[in-house]
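Okay, structure first, notes after.
Here, each number is a calculation from the coordinates, and none is a lab measurement. Being a predicted model, the structure only gives us computed values, none of them experimental. Because the Cβ atoms are built from the backbone with ideal geometry, glycine has one as well, and the counts that use them run over all protein chains shown.
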Amino acid sequence: MFSFFKKKPKPVETPAAEPLASQPADIPAAAPATSQATPLATPVIPEAPLAAPEIPTPPPISATAEQPARKQSWTERLKAGLSKTRDKLGKSLAGLFGGGKIDEELYEELETVLLTADMGMDATVHLLQDVRERVSLKGLKDGSELKGALKDSLNDLIHPLEKPLDVSGKKPFVIMMAGVNGAGKTTSIGKLAKYYQQQGKSVLLAAGDTFRAAAREQLMAWGERNNVTVIAQQGGDAAAVCFDAIQAATARGIDIVLADTAGRLPTQLHLMEEIKKVKRVIQKALPEAPHEIILVLDANIGQNAISQVKVFDDALGLTGLILTKLDGTAKGGVIAAIAKQRPIPLRFIGVGESIDDLRPFNSKDYVDALFD
Ligand SMILES: Nc1nc2c(ncn2[C@@H]2O[C@H](COP(=O)(O)OP(=O)(O)OP(=O)(O)O)[C@@H](O)[C@H]2O)c(=O)[nH]1
């Protein structure tokens, strides 16, 4: 179950950014399954640690190893993953949709339900207004008719976030990941690597989380077992790792580079500066890159997601979002808040820990899974 990606204790302090290496290390001519960039000052990690006992041994990532006997469809998994939000919304809405007159009291109850599903004030006000208009336009009278109106309103609101990531046309297509600690960046990178490999694309990973040795080692072990090249350094500089990774990918004709970065809080200003530097150095390695800058968000944080989106967007110019762990929370309504306040394309959503639990966001599927 992807357990090898589970994070180890976080460092108490995150080190300040290292000075940037002016020149990238040479890329080895032969491309081993797992390769490492030359470190700036520290020795290359020996091959042996990959098998060392302290590194969890990941099971081979394969559908059979991770899936139950009968493989659930994505629709089923999405529905199961959203069960907490659906239960909360559904139970509360059942009374409203059960019948009775559509009146002010009902709208007030609807407002409370939407707010408790973490849709936020802006989106809630918008949805209520929109539902009212639909009700009067269609001459709806009964609460039982409200469900369709609400579903349509919500879909209209969040549909603009449905913009699947197009990785064609650039080679390598460089995707940089950002986010706070534990949001699911490294796990999502593993899932995306597999997702793109299944589409016949070659993938290279940049182990840019240089603050946590375990993150790098896990990524390398995973890469070796799944035949995905990982560029890493021991310690050192995330920007240099990404630079090397892009050079390696260009030399090897790789389709997609997925660049991991260390978790950081928006309030850690020096770390926000450090990640801006990672972006700048990626641009130096490949002028149009990064082609995609994704903020990974843990759905459990609910409304706090909005402030994270704003700060990371202001710092980096986000082009996409990934919302993980929707399965663990009743706060799935946060998508509506994002749509209203900072509508950055929601590229993927995660509803579980297995490899297939991260998929492109589809607003209609999402709304159906919440209400039906
Ligand atoms: N239930 C569930 N767990 C998830 C999902 N996505 C990630 N996780 C788990 O979240 C935990 C943290 O994920 P990581 O990928 O390690 O997070 P990270 O952002 O790389 O963390 P840092 O490196 O500390 O910044 C792991 O235990 C993952 O298995 C999801 O969609 N659902």
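For segment 354-360, 3J(HN,Hα) computed residue by residue from phi via the Karplus equation (6.51, -1.76, 1.60; θ = phi - 60°) reads 7, 4, 8, 8, 10, 9, x Hz, glycine and proline entered as x. Rounded to the nearest Hz, the phi-derived 3J(HN,Hα) couplings of segment 332-339 under the Karplus curve 6.51 cos²θ - 1.76 cosθ + 1.60 (θ = phi - 60°) are x, x, 4, 4, 5, 5, 4, 4, where x marks glycine and proline.
Enclosing the Cα atoms of segment 281-367 in their convex hull gives a volume equal to 107 cubic angstrom per residue. DSSP loop (so not H, G, I, E, B), at most 16 other Cβ within 10 Å: list which GluC sites (Glu not before Pro) in segment 111-206 pass both filters. Answer by residue number: there is no such site. Panel note: the C-alpha atoms of segment 166-367, placed on their principal axes, show extents of 43, 37, 33 Å (largest first). Here's the picture: charge each Lys and Arg Cβ at +1 and each Asp and Glu Cβ at -1 in segment 77-161, and of Leu137, Ser153, Leu106 the one pushed furthest to the positive end of that dipole is Ser153.
Charges were assigned to the Cβ only: +1 to each Lys and Arg, -1 to each Asp and Glu. The resulting dipole of segment 77-161 about its Cα centre is roughly 580 debye.
Built from the Cα atoms of segment 69-140, the convex hull projects on average onto 6.2 nm², one quarter of its surface area. To the nearest 20 debye, what charge dipole does segment 232-326 have about its Cα centre, counting +1 at the Cβ of each Lys and Arg and -1 at the Cβ of each Asp and Glu? For this selection, approximately 100 debye.
Checked against a 23 Å cut-off, the cross-linked pairs Lys279/Lys325; Lys284/Lys340; Lys141/Lys340; Lys170/Lys340; Lys185/Lys310 give Cα-Cα distances beyond that limit for Lys279/Lys325; Lys284/Lys340; Lys141/Lys340; Lys170/Lys340.
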